[in-house]
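Note sheet for the following structure.
The values are calculated or read from the model by the stated rules, or taken from the named source; none is laboratory data. Nothing here was measured: the structure is a model prediction, and the numbers come from that model. Glycine also receives a Cβ, built like all others from the backbone with ideal geometry; neighbour counts cover every protein chain displayed.
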Amino acid sequence: MGIEITASHNDKRYSGYKLITKSGSPPTSKIREEISHEIFNNNEKIPYDLLSFNYNDKFFTFVSNNFLTINDFSLASSKNYDANLMKPYLEQICDIIFDKDLIKKFSSEIVIGYSALHGTGYVPVSQLFQKLNVHNVKYVSKMILPDPLFPLFDSKQILDPSDFQTAGVVVKAFNDQYNEYEFEKLDALCYTDPDADRLGVIIKVPKNEQFIFGQWKLLKANDVWALFLWYILEHVSKHSKSPYANFEQLFIVKSFVTSDLLLNICNKYKIECIDGKVGFSDLAEIVRNKWKENKINIGMFEESCGFGISGNHENDSTKLHILEKDGFLSLSLLIQILCYAKSKNLSLQELLNNIYLDDEIGYFATSRKELPEQGIFEGVREELHQEKILKNVENLYLKTNEKIKTNNPLMICGLPISKVEKFSTGRYDSKFWKGFPDEGIRFFLDSKINHITIRSSGTEPKLRIFVQYKISDITEKNILEKKNMQKILLNNYLMKLKN
């Protein structure tokens, strides 16, 4: 068992520790419960001097009792560190290159920006770029070195790669250091969260779409994962000697709030797609069970910018990577796709449009709304307000069920709610109420593929509203009109729900 000290993608007040198992994945729910039991039932007193000692050496200094300052970042690039950890780790990531010839030919043409968000990403990312021959890199220097105070961000702002405000800080810092002209040259501006297990991707918007999205756009994780999955399966389908060429063995897992765009891609290539609860620990449990059936995992996807690909750890020839999300792995896949786009003289957006226009896949409008929009529910009063909102949502669930039974469904924005589902694990029943919907409540809009899901965040006191709506009859001629329509449609849904 390993321990990682981090605030992850939360604001600086959330610094804490993550537990990591020997496979690289989070502990299962059963192990977490056992650890919690040990912690809360341990009567041993921890000596105060272990918590408040003054510690100084070449690399670290404790400042008061709260913050640790790292004095010498050369530790991260020393020969011992590189030999013992970084080198084999990056070699493993580089082994997951599906077309090495493509990388050799086009990686030097990529122009990419990168920000570490004051986290741990810079050293591994810079070495990964070198190994993949990506030299046209513009680093956001004010965020290069780790700083637990996250100085370029407001005190309560989360550093979530899927958050539009976080992306705005990255774009501003890039333009302040370089300029908007240099931004226009980028194929992508990307960033990892502070513990570097998630990746955000920003692209410049084609001029004919700027009236919809503005000059730049944060790609939704759903769209980035669609690019990843489509690229992997498209490549594997054309290489019969690949150990992953037997599509009957392949499967992906995704959290149930991740877009069904991935499901349609799986259906096109005839591989299995499994929905799981939100959180990589639960996705990892599904993967372990599928290994016993001799299945090979070709992707693990979370809507909150988490991606992994594990293969099958019970067979050395098909073992790929750890059972956990990994921002550096995500970045290596992004580089591969940028090379592919270069080879076809396409932008990432044009490549995405080609996926949307595939009749077997289609275009899914998705959106996520945070409550509160900024910060979190803080203090007893606001937490009670959060609980009240969830109780109102559950009452709506009960009312909707009654209306459906009487063939008089409730309507949202002119569409009938045809079905409703509650997802509950029972883990929080003792804290709230029996049947508490900790995994959320989903309202289906006249179709099993169009729905709205409301759930509590599992990592901070927030509520999240997820909307998915499949846009039909999309063509090359009307794609801009449809995109504009979907933006208006999603805004209407979210405004209605907020009210």
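Conditions tested, residue by residue: (1) surrounded by 20 or more Cβ atoms within 10 Å (Cβ to Cβ); (2) closer than 29 Å to residue 96 by Cβ.
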site	(1), (2)
181	no, no
185	no, yes
188	yes, yes
201	yes, yes
218	yes, yes
226	yes, yes
233	yes, yes
242	no, yes
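Taking region 361-380 as the range and being aliphatic (A, V, I, L, M), surrounded by 19 or more Cβ atoms within 10 Å (Cβ to Cβ), modelled with pLDDT of 80 or more and over 18 Å from the mean Cα position of the chain (by Cα) as the test, only 361 passes. Based on this model, can you work out whether residue 388 counts as modelled with pLDDT of 85 or more and farther than 30 Å from residue 157 by Cβ? The answer is no for residue 388. Evaluate region 290-297: report whether one residue or more is within 30 Å of residue 159 (Cα to Cα) and either in contact (Cβ under 8 Å) with a residue 60 or more places away in the chain or not polar (S, T, N, Q) (or both). No, the conditions are met nowhere in region 290-297. Residues that are at pLDDT below 90 and not aromatic (Phe, Trp, Tyr) were ranked within region 418-429; the one that is farthest from residue 277 (Cα to Cα) is 429.
Among all residues of region 298-308, there is none that is closer than 27 Å to residue 159 by Cα, assigned to a helix (DSSP H, G or I) and in the same structural domain as residue 218 (by TED's automatic domain parsing).
Provide a single number: the residues in region 181-237 that are of a type in the set (S, T, N, Q), in contact with a Leu (Cβ under 8 Å, 6 or more places away or on another chain) and more than 16 Å from residue 331 (Cβ to Cβ).
Residues meeting the conditions: 2.
Beta carbons closer than 7 Å, at least 6 apart along the sequence or on distinct chains, pair a first residue in region 163-183 that is without any contact (Cβ under 8 Å) to a residue 24 or more places away in the chain with a second that is aliphatic (A, V, I, L, M) for 169/152.
Matching residues to (1) out of contact with any Pro (no Cβ under 7 Å at 6 or more places or on another chain); (2) within 30 Å of residue 186 (Cα to Cα); (3) in the same structural domain as residue 305 (by TED's automatic domain parsing):
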{"residue": "321", "(1), (2), (3)": "yes, yes, yes"}
{"residue": "328", "(1), (2), (3)": "no, yes, yes"}
{"residue": "343", "(1), (2), (3)": "yes, yes, yes"}
{"residue": "376", "(1), (2), (3)": "no, no, no"}
{"residue": "419", "(1), (2), (3)": "yes, no, no"}
{"residue": "428", "(1), (2), (3)": "yes, no, no"}
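Contact map, region 245-257: residues that are within 8 Å of residue 271 (Cα to Cα) paired with residues that are surrounded by fewer than 24 Cβ atoms within 10 Å (Cβ to Cβ) and modelled with pLDDT under 90, Cβ distance under 7 Å, separation 6+ or inter-chain. Pairs shown: 250/244.
With respect to (1) part of a helix (DSSP H, G or I); (2) touching a Ser or Thr at 6+ places or on another chain (Cβ under 6 Å), the lone exception for residue 224 is condition (2). For the condition farther than 29 Å from residue 30 by Cα, assigned to a loop (DSSP other than H, G, I, E, B) and small (Gly, Ala, Ser), residue 418 does not qualify. Restricting 250, 227 to those that are in contact with a strand residue (DSSP E or B) (Cβ under 8 Å, 6 or more places away or on another chain) and hydrophobic (A, V, I, L, M, F, W, C) reduces the list to 250. In region 115-144, the residues that are assigned by TED's automatic domain parsing to the domain that holds residue 103 form Cβ pairs under 9 Å with partners that are surrounded by 24 or more Cβ atoms within 10 Å (Cβ to Cβ) and of a type in the set (Asp, Glu), at six or more places apart or across chains, as follows: 117/193; 119/193; 121/193. If you go through region 297-334 and keep only what is of a type in the set (A, V, I, L, M, F, W, C), over 16 Å from the mean Cα position of the chain (by Cα) and surrounded by 24 or more Cβ atoms within 10 Å (Cβ to Cβ), you end up with just 298.
Kindly establish whether residue 353 is crowded, with 19+ Cβ neighbours inside 10 Å, modelled with pLDDT of 90 or more, within 23 Å of residue 201 (Cβ to Cβ) and not hydrophobic (A, V, I, L, M, F, W, C). The answer is yes for residue 353. The number of residues in region 316-331 being small (Gly, Ala, Ser) and more than 20 Å from residue 220 (Cβ to Cβ) comes to 1. The one condition from (1) farther than 27 Å from residue 190 by Cβ; (2) hydroxyl-bearing (Ser, Thr, Tyr); (3) in a loop (DSSP other than H, G, I, E, B) that residue 317 does not meet is (3).
Pairs meeting the criteria (first residue in region 209-234 and free of Cβ contacts under 8 Å to residues at least 60 places away in the same chain, second residue among the small types (Gly, Ala, Ser), beta carbons under 6 Å, at least 6 apart or on different chains) are 218/167.
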